[in-house]
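**Q** The structure that follows is given in the form of structure tokens.
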Amino acid sequence: MIRILGLSGSLRNGSYNSALLQAAQGLMPADVELIAGSIAGIPLYNGDDEAATGIPPAVQELKDQIAAADGLLLFTPEYNNSIPGVFKNAIDWASRPAKDMGRVFGGKPVAVLGASPGGFGTILSQDAWLSVLRTLGTRPWHEGRLTVARAGNVFDDQSRMTDAQVRDRLKNFLDGFAAFVGAPSGCVAAAVAIDDANR
Ligand SMILES: Cc1cc2nc3c(=O)[nH]c(=O)nc-3n(C[C@H](O)[C@H](O)[C@H](O)COP(=O)(O)O)c2cc1C
């Protein structure tokens, strides 16, 4: 069984990115489980607090969840054409202390996807994650891309995905990432169709 941890970068009830994570949980290939983690309860990073009291329990739990997962999926919103501070803050905390970064993130297969009510579906936020993922020493998956635009038309008021086309694109993305996670390091993952719905 392959276990992938999914994190939504939004704390909002009714978050499109949390809804996307929920939809993804129902579309994973056989023998792959997508576990929904959470960034709720992560305090704002403060180096004085870290020096005084170390890693907060919510951060330790997040770190251990990431370390235990075979892969990581970041469901990112986009704020002002970049990564929302609340999400970046959580990952920054998870990178502390630096000597533990390899255990948590080193060589970890990671993919980024996201949903937004606008027309570009978090494309700039997703790109902004790339330099972070490189710095953390992860193994980002680049073959697939999923930008869910006009998210208000994709989910109903119960946060259920209602758009069959987006569901197909999501399934394709998840199949590709799961193959990448399952393949031995250095192997090329199964080819997936390039998702170009928002190009
Ligand atoms: C401070 C702020 C800045 C935003 N900037 C962008 C943006 O640059 N691009 C975009 O597509 N949406 C932007 N939005 C709208 C978000 O995409 C929208 O609030 C979305 O619902 C957030 O994701 P969520 O539904 O998972 O909470 C912004 C929202 C906020 C609060």
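**Q** Could you give me the residue pairs with C-beta distances under 7 Å whose first residue belongs to segment 61-77 and is outside any helix (DSSP H, G or I), whose second residue is within 16 Å of the ligand (Cβ to nearest atom) and of a type in the set (Val, Ile, Thr) wherever it lies, and which are 6+ apart or on separate chains?
**A** 74/112; 76/83; 76/112; 76/122; 77/122
**Q** Out of 130, 136, report the one residue that is farther than 26 Å from residue 155 by Cα, aliphatic (A, V, I, L, M) and open to solvent by 20 Å² or more (accessible area, probe 1.4 Å).
**A** On the way: 136 fails: open to solvent by 20 Å² or more (accessible area, probe 1.4 Å).
That would be 130, the only listed residue that is farther than 26 Å from residue 155 by Cα, aliphatic (A, V, I, L, M) and open to solvent by 20 Å² or more (accessible area, probe 1.4 Å).
**Q** Hey, another quick one. Taking residue 122 as the residue in question, decide whether it is touching a Pro at 6+ places or on another chain (Cβ under 9 Å), among the polar types (S, T, N, Q) and either open to solvent by 30 Å² or more (accessible area, probe 1.4 Å) or modelled with pLDDT of 95 or more (or both). Lay out the reasoning, then the answer.
**A** Working: touching a Pro at 6+ places or on another chain (Cβ under 9 Å): yes; among the polar types (S, T, N, Q): yes; either open to solvent by 30 Å² or more (accessible area, probe 1.4 Å) or modelled with pLDDT of 95 or more (or both): yes.
In short, yes.
**Q** So which residues in segment 2-58 are away from the ligand (no atom under 14 Å from the Cβ) and either basic (Lys, Arg) or at pLDDT below 95 (or both), if there are any at all? Write out each step before concluding.
**A** First, the residues of segment 2-58 that are away from the ligand (no atom under 14 Å from the Cβ): 2-5, 25-35, 37, 41-58.
3, the sole residue that qualifies.
**Q** Could you grab me the full set of residues in segment 90-115 that are of a type in the set (Val, Ile, Thr) and open to solvent by less than 10 Å² (accessible area, probe 1.4 Å)?
**A** Pass one, segment 90-115, residues of a type in the set (Val, Ile, Thr): 91, 104, 110, 112.
Across segment 90-115, the qualifying residues are 91, 104, 110.
**Q** Still on this model: Tell me whether segment 20-34 contains one or more residues that are open to solvent by 40 Å² or more (accessible area, probe 1.4 Å) and assigned to a strand (DSSP E or B). It would help to see each step written out before you state the result.
**A** Pass one, segment 20-34, residues open to solvent by 40 Å² or more (accessible area, probe 1.4 Å): 22, 25-26, 30-31, 33.
So of that shortlist, the ones also assigned to a strand (DSSP E or B) come out as 33.
The answer is yes; a qualifying residue exists.
**Q** Among the residues that make up segment 111-126, is at least one of them of a type outside the set (Gly, Ala, Ser) and away from the ligand (no atom under 16 Å from the Cβ)? Show your work before the answer.
**A** Pass one, segment 111-126, residues of a type outside the set (Gly, Ala, Ser): 112-113, 117, 120, 122-124, 126.
Filter once more, so that each one left must be away from the ligand (no atom under 16 Å from the Cβ): none.
Within segment 111-126, none of the residues are of a type outside the set (Gly, Ala, Ser) and away from the ligand (no atom under 16 Å from the Cβ).
**Q** Filter segment 127-152 down to the residues that are touching a Pro at 6+ places or on another chain (Cβ under 7 Å) and aliphatic (A, V, I, L, M), then identify the one that is farthest from the ligand (Cβ to nearest atom). Reasoning before the result, please.
**A** Going through segment 127-152, the residues touching a Pro at 6+ places or on another chain (Cβ under 7 Å) turn out to be 130, 133, 139, 141, 150-152.
Next cut, aliphatic (A, V, I, L, M) only: 130, 133, 151.
On the way: 130: 17, 133: 20, 151: 7 Å.
Taking the candidates together, the pick is 133.
**Q** Let me ask something else. Could you please find all residues in segment 154-182 being β-branched (Val, Ile, Thr) and either part of a strand (DSSP E or B) or on the phi > 0 side of the Ramachandran plot (or both)? Walk me through how you get there before you give the answer.
**A** Applying the first criterion (β-branched (Val, Ile, Thr)) to segment 154-182 yields 154, 162, 166, 181.
Residues satisfying the conditions do not exist here.
The values are calculated or read from the model by the stated rules, or taken from the named source; none is laboratory data. Predicted model, so just to flag it, every value in this text is computed and none were measured. All Cβ positions, glycine included, derive from the backbone under ideal geometry; neighbour counts span all protein chains shown. Just so you know, the surface numbers come from the protein's heavy atoms only, side chains and all, with ligands and any DNA or RNA stripped out. Shrake-Rupley method; radii C 1.70, N 1.55, O 1.52, S 1.80 Å.
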